[in-house]
Amino acid sequence: MNSFEHQHEAMATTFVIHVAGHPAEYARQAAAAAFRELDRLEGELSVFVESSDIARANRLAGDESITIGDDAWQCLLLAAGVAQATDRAFDPAYATERAAGTPAGAPPFTLDPATHTLTSHVARLHLDLGAIGKGYALDRLGELLGEWNVTRACLHSGGSTVLALAPPEDRSGWPVNLDAGGSRPTLRLAHAALSGSGLTVQGTHLVDPRTGGPAARSTRTWALAPSAALSDALSTAFFVWSDDAIAAFCAAHPEVGAALLTPDGRLVAHAALQELLRAADPAS
């Protein structure tokens, strides 16, 4: 497999782009263009950049509104959709303090498509796109590489999310190691994204948005999805969900796959991710 690797620091992690099917200099230029886009996205989405749309939203008082850019809009729209689909097992506003007596289903913010505005409905909004922003960025970088006619590429954000485009011509997929305790099965990933959530990589910060307390799970979960933003958000939802809830979600959404590491070290997979694992190890 003849591919070229390029790295860039952004969003508090290392992004990596592997490009196949193009000469080294062209691959470098395409990756550089993608990383410029990544820096721009960080300026729009990071809660740590004071001028970002997300940081501006977090300074809103109750019932105040701001106009936000397209990337913050699209990312928040995706996040709100996943929050609804997972009954808030994933929630970009999980750290927002809600007033006593607030109805359980009342949204802390709303988005107006006619005016591209975000309106806060709490005394102090607290948005954090950390569990979807890197995935969203990978999707955008993949689109930009397509504008450069780079269709055979694999993109990573740290050790948590991988977006695989078309594989090199001589391969069925990009090799991706699933670090599942003592085993490291190598999946062949193409035209899909895989994300993982767990305490070994992310520490003990994972919170169950429904309770406000730490997630009960102490092992890792993975989500396979058509986009990196969706896999990023779902791997977080899977981490706070029960095993049965994960299985039920995958059964209802055939485009999604899941895997989880049990406390006794077994790897349990569902749907499309189960199929990929079987292909990696037919004896499993």
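Scanning the range 9-31 turns up at least one residue that is of a type in the set (S, T, N, Q) and outside any helix (DSSP H, G or I).
Of all the residues in the range 70-108, those that are within 21 Å of G43 (Cβ to Cβ) and surrounded by fewer than 21 Cβ atoms within 10 Å (Cβ to Cβ) number 5. Can we say T115 is surrounded by fewer than 21 Cβ atoms within 10 Å (Cβ to Cβ), in a loop (DSSP other than H, G, I, E, B) and not hydrophobic (A, V, I, L, M, F, W, C)? Yes.
For the range 52-92: of the residues being β-branched (V, I, T) and in contact with a helix residue (DSSP H, G or I) (Cβ under 7 Å, 6 or more places away or on another chain), which is farthest from R124 (Cα to Cα)? The selected residue is T86. The residue that is surrounded by the most Cβ atoms within 10 Å (Cβ to Cβ), counting only those in the range 207-221 that are hydrophobic (A, V, I, L, M, F, W, C) and more than 17 Å from the chain's Cα centre (by Cα), is A215.
Does the range 99-106 contain any residue that is part of a strand (DSSP E or B) and farther than 21 Å from S227 by Cα? The answer is no, given that none of the residues of the range 99-106 is part of a strand (DSSP E or B) and farther than 21 Å from S227 by Cα.
The residues of the range 212-230 that are among the polar types (S, T, N, Q) and modelled with pLDDT under 80 amount to a single one, S218. Taking the listed residues L260, L230, L234, L224, the one that is farther than 24 Å from R140 by Cβ, surrounded by 18 or more Cβ atoms within 10 Å (Cβ to Cβ) and touching a residue at least 12 places away in the same chain (Cβ under 8 Å) is L260, with no other qualifying.
Taking the range 214-262 as the range and being of a type in the set (A, V, I, L, M, F, W, C), under 13 Å from G198 (Cα atoms) and touching a strand residue (DSSP E or B) at 6+ places or on another chain (Cβ under 6 Å) as the test, the residues that pass are W222, A223, L234, F238, F239, A259, L260, L261. Residue check: E5 meets all listed conditions (1) surrounded by fewer than 16 Cβ atoms within 10 Å (Cβ to Cβ); (2) touching a residue at least 24 places away in the same chain (Cβ under 8 Å); (3) in contact with a His (Cβ under 9 Å, 6 or more places away or on another chain) but one, namely (2).
Just one of the listed residues (T86, T102) is β-branched (V, I, T), at pLDDT 95 or above and either out of contact with any Leu (no Cβ under 6 Å at 6 or more places or on another chain) or more than 22 Å from L234 (Cα to Cα) (or both), namely T86.
T115: among the β-branched types (V, I, T) and within 21 Å of the chain's Cα centre (by Cα), yes or no? It is false that T115 is among the β-branched types (V, I, T) and within 21 Å of the chain's Cα centre (by Cα).
Which one is farthest from A233 (Cα to Cα), of the residues in the range 150-178 that are modelled with pLDDT of 95 or more and among the β-branched types (V, I, T)? Only one residue fits best here, namely V150. Tell me, please, whether a residue that is out of contact with any Ser or Thr (no Cβ under 6 Å at 6 or more places or on another chain) and modelled with pLDDT under 90 can be found in the range 231-240. Scanning the range 231-240 turns up no residue that is out of contact with any Ser or Thr (no Cβ under 6 Å at 6 or more places or on another chain) and modelled with pLDDT under 90. Listed residues A72, A55; which is hydrophobic (A, V, I, L, M, F, W, C) and within 20 Å of E97 (Cα to Cα)? When all the criteria are applied, what remains is A55.
The values are calculated or read from the model by the stated rules, or taken from the named source; none is laboratory data. Being a predicted model, the structure only gives us computed values, none of them experimental. Methodologically, a virtual Cβ is constructed for each residue, glycine included, from the backbone with ideal geometry; neighbour enumeration extends over all protein chains shown.
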